[in-house]
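Worksheet: one structure, shown below.
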Amino acid sequence: MENTVEFARRMDAEDPMRFFREEFHQPGSAEKPQIYFCGNSLGLQPKSVQEDLLRELEDWKFYGIDGFHKPRAPWVDYPREIADRLAEIVGANPKEVAVMNALTANLHFLLCSLYRPDGKRYRILVEAGAFPSDQYAVETQLKFHGIDPADGLIEIGPREGEYLVRLEDITKAIRQYGDTISVVLTGGVNYYTGQLFDIEAITAEAHRAGALAGFDLAHAVGNLPLRLHDWDVDFAVWCSYKYLNGGPGSVGGAFLHERISRDRKRMRLAGWWGNEEKTRFDMKKEFEPQAGAGGWQTSTPPVFNMVAIRSSLEIFGRTSMQMIRNKSILLTGYLEFLLREMGPSAPEIITGPDPMSRGAQLSLWFGEPAADLHRRLAEAGIVSDFRKPGVIRMAPAPLYNRFEEVFDCVALLRTLVGA
Ligand SMILES: Cc1ncc(COP(=O)(O)O)c(C=O)c1O
């Protein structure tokens, strides 16, 4: 790699994914363009979304209730179609994926089914520093069962002076708490540090202890290839507004391994949309769950909330997660290389140097000046984010970011810190 704009431009010219950038609106204006490195918070808008949304509005006008079964894109098919595409992205069988609710709600729904404390086995083991919503969900799940989180919640954090959680510390804790653990729940990629967890290894260790393994994939889905079925993961939840570009608050996803989801007797919080499609409109008193994760749906699908994710997944359908990952490793690697070139003024990259232990995001520790630096970056048109106490997160997204943007960003950073 080279610290020159010519090198960055050459990488862009040779990038087999370069055409995808044209599929997305770039934020900012022609006079004040932006470099957008916040796809880990909210992905950009695919250009096709507006037309697709307008078409659905027209269809609603024209068809009314018949829109559910209209010839083009019947609304009734939205959840299944989207789930099928997502199944490819997360490495699942189509029936193992449901599209519904939002991430935290799905976590509650799945834990209601799967976290069934039983005598000695009642604990939940999590990564310390998980996204707050997960912490609130887990803590309140424990309380729902009358379990004191001080006893029921095991949190595994980084060692003193370190930022990342070591796999060996997670596996050691699972062995230590053994048959008292009901569920092991970690992120796929930690939102703050950008650390990618070894989902397969954690799952295997949880299973050895007789526990279930679940994952919050908010920062992993659409970011890197996943093989949830083959890794034998029990359950996972995600949102679709980050790397999947589904728009703010877009509908969430859930994975339930088929050995769990085909069990129709499995306890769940039921609603009519989880009923067998064939008998849903028989309006019978008895709930007849669909086999598969779809049996966990409760309500009528929020069609307008699904249009953007559906449009975005068409773009994903034209490439593969491996292609996306190949570019991502180079793009984020280039950001890392240029940051290191800053010499003594370089921030500490707390995400770590191993591309196999991270996704697109780098979390940069600037300490106290971070908030001010983040403001000055924003003024200059670089969209990153600041997380207390001293981290700036940057996530070049392979579908729409360019090497030259990475170069320009670090060049500006150099002038701001006087490197
Ligand atoms: C890692 C992680 N988990 C959970 C959530 C919460 O998701 P939701 O608001 O869709 O429930 C977020 C939101 O950004 C997140 O980043």
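No value in this document is a laboratory result; all are computed from the given coordinates. Just so it is clear, the structure is predicted and the values come from calculations on it, not from any experiment. Positions of Cβ are generated from backbone atoms using ideal geometry, with glycine treated the same way; all protein chains shown enter the neighbour counts.
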Residue-span extension gain [Asp77 to Thr300] - 0.36 nm each, minus C-alpha spacing: 79.1 nm
Within the stretch 172-223, chymotrypsin sites (Phe, Trp or Tyr not before Pro) in DSSP loop having at most 15 other beta-carbon neighbours inside 10 Å: none
Antiparallel bridge percentage (DSSP; both residues within the chain; nearest 5): 55
Length-normalised contact order for the chain - Cα pairs under 8 Å, 6+ apart - percent: 23
Over 37 Å [Cα-Cα, the chain], rounded percent: 26
Those lysines that a straight Cα-Cα span of less than 22 Å connects to Lys32, excepting residues fewer than 8 apart in one chain: Lys47
Asp372-Glu88 FRET efficiency (beta carbon distance; Förster radius 51 Å; 0.05 resolution): 0.75
Candidates per trypsin sites (Lys or Arg not before Pro) in the stretch 209-290, loop by DSSP, up to 12 other Cβ within 10 Å: Lys265, Lys284, Lys285
Lysines whose Cα lies under 26 Å from that of Lys265, excluding same-chain neighbours fewer than 8 positions away: Lys95, Lys120, Lys143, Lys278, Lys284, Lys285
Sites Arg166 and Glu31, calculated FRET efficiency, Cβ-Cβ separation with R0 60 Å, nearest 0.05: 0.80
Cα centroid separation - the stretch 292-346 against the stretch 241-287, whole Å: 23
Distance between modelled label sites at Arg266 and Ser345, nm, 7 Å Cα→Cβ extension: 5.4
Space enclosed by the convex hull of the alpha-carbon atoms of the stretch 1-104, per residue, Å³: 198
GNM flexibility winner over the chain from Asp282, Asp408, Asp179 (Cα, springs under 10 Å): Asp282
Candidates per GluC sites (Glu not before Pro) in the stretch 331-364, loop by DSSP, up to 14 other Cβ within 10 Å: Glu341
Potential lengthening between Lys143 and Glu155 on full extension [0.36 nm per residue; Cα-Cα distance subtracted]: 2.7 nm
Set of aspartates and glutamates with alpha-carbon distance to Lys70 below 14 Å, sequence-local pairs under 8 removed: Glu56, Glu58, Asp59
Residues listed by number, the stretch 201-215, amide nitrogen under 14 Å from Asp179 label point at 7 Å toward C-beta: 208-211
